[in-house]
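Undergrad: Take a look at the following structure, please.
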Amino acid sequence: MKLFMFFVSVLLVTASAKIFERCELARKLKASGLDGYRGYSLPNWVCLVKWESKYNTSAINRNSDGSTDYGIFQINSRYWCNDSKTPRAKNGCGIICNQLLTDNIDVAIKCAKRVVSDPKGMAAWVAWRNNCRGGDLRQYTAGCGV
């Protein structure tokens, strides 16, 4: 029964996932207080999400260390959420990883704020380090009115 309920919850989460439009996401992130949060401009956040998940709330990536990255920000199960599968997980955001896979990204934003508050900042995300850090990121919010 427990396994059945897990699969039902996965199906429900997948059914409510979405791919944001760039400007729609920029407006949501700005309204959620991410523009300037911990010194990172809104274009940094939109760039991060573009390269981590392609704006997809249902994105999942399994890593070679046994952890999994979840949702629009690709929050890692080793450090930030509980998926009941990752060995030695810390669950720094105090959430179940499936909460990161819905079209309501409020939980994901709250957890991303926690991640960026750690000493690594946005450098905690490989995609940000490789694609966004130090670049001209104006294109990520251009034309969005934010």
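The values are calculated or read from the model by the stated rules, or taken from the named source; none is laboratory data. Nothing here was measured: the structure is a model prediction, and the numbers come from that model. In this analysis, Cβ positions are derived from the backbone assuming ideal geometry, glycine residues included, and neighbour counts consider all displayed protein chains. Ligands, DNA and RNA are excluded from the accessible area calculation, which covers all protein heavy atoms including side chains. Shrake-Rupley method; radii C 1.70, N 1.55, O 1.52, S 1.80 Å.
Undergrad: Kindly establish whether ILE75 is β-branched (Val, Ile, Thr), modelled with pLDDT of 95 or more and out of contact with any Phe, Trp or Tyr (no Cβ under 9 Å at 6 or more places or on another chain).
TA: yes
Undergrad: Okay, moving on. Are any residues in region 26-37 closer than 14 Å to ILE105 by Cβ and either open to solvent by less than 50 Å² (accessible area, probe 1.4 Å) or modelled with pLDDT under 95 (or both), and if so, which ones?
TA: ALA26, LEU29, SER32, GLY33, LEU34 - these are the residues of region 26-37 that are closer than 14 Å to ILE105 by Cβ and either open to solvent by less than 50 Å² (accessible area, probe 1.4 Å) or modelled with pLDDT under 95 (or both).
Undergrad: How many residues, within region 100-138, are open to solvent by 70 Å² or more (accessible area, probe 1.4 Å), in contact with a Cys (Cβ under 7 Å, 6 or more places away or on another chain) and not in a helix (DSSP H, G or I)?
TA: Of the residues in region 100-138, 0 are open to solvent by 70 Å² or more (accessible area, probe 1.4 Å), in contact with a Cys (Cβ under 7 Å, 6 or more places away or on another chain) and not in a helix (DSSP H, G or I).
Undergrad: Give me the pairs: first residue in region 128-145 and over 18 Å from LEU25 (Cβ atoms), second residue open to solvent by less than 80 Å² (accessible area, probe 1.4 Å) and assigned to a helix (DSSP H, G or I), beta-carbon distance under 6 Å, and six or more apart or on different chains, which are they?
TA: ARG129/ALA123
Undergrad: Next up: Please go through region 9-25 and pick out each residue that is modelled with pLDDT under 50 and open to solvent by less than 60 Å² (accessible area, probe 1.4 Å).
TA: If the condition is that a residue be modelled with pLDDT under 50 and open to solvent by less than 60 Å² (accessible area, probe 1.4 Å), then SER9, VAL10, VAL13 are the ones that fit.
Undergrad: When only residues in region 38-76 that are open to solvent by 50 Å² or more (accessible area, probe 1.4 Å) and of a type in the set (S, T, N, Q) count, which is nearest to the chain's Cα centre (by Cα)?
TA: ASN61
Undergrad: Take the residues of region 78-99 that are outside any loop (DSSP other than H, G, I, E, B) and touching an Asp or Glu at 6+ places or on another chain (Cβ under 9 Å): which is most open to solvent (accessible area, probe 1.4 Å)? Working first, answer last.
TA: Taking region 78-99 first, the residues outside any loop (DSSP other than H, G, I, E, B) are 82, 96-99.
If we keep only those that are touching an Asp or Glu at 6+ places or on another chain (Cβ under 9 Å) too, we end up with 96-98.
On the way: ILE96: 102, CYS97: 1, ASN98: 36 Å².
Checking each candidate, the answer is ILE96.
Undergrad: Here's another thing I want to ask about it. Cβ-Cβ distance below 6 Å, separation of 6 or more or different chains: which pairs start in region 86-98 with a residue that is free of Cβ contacts under 8 Å to residues at least 60 places away in the same chain and end on one that is open to solvent by 40 Å² or more (accessible area, probe 1.4 Å) and hydroxyl-bearing (Ser, Thr, Tyr)?
TA: Filtered contacts from region 86-98: LYS90/TYR79; GLY92/TYR79.
Undergrad: So, one more: Here are the criteria: (1) touching a Cys at 6+ places or on another chain (Cβ under 6 Å); (2) over 15 Å from ALA59 (Cβ atoms). Tell me which single one THR86 does not satisfy.
TA: (1)
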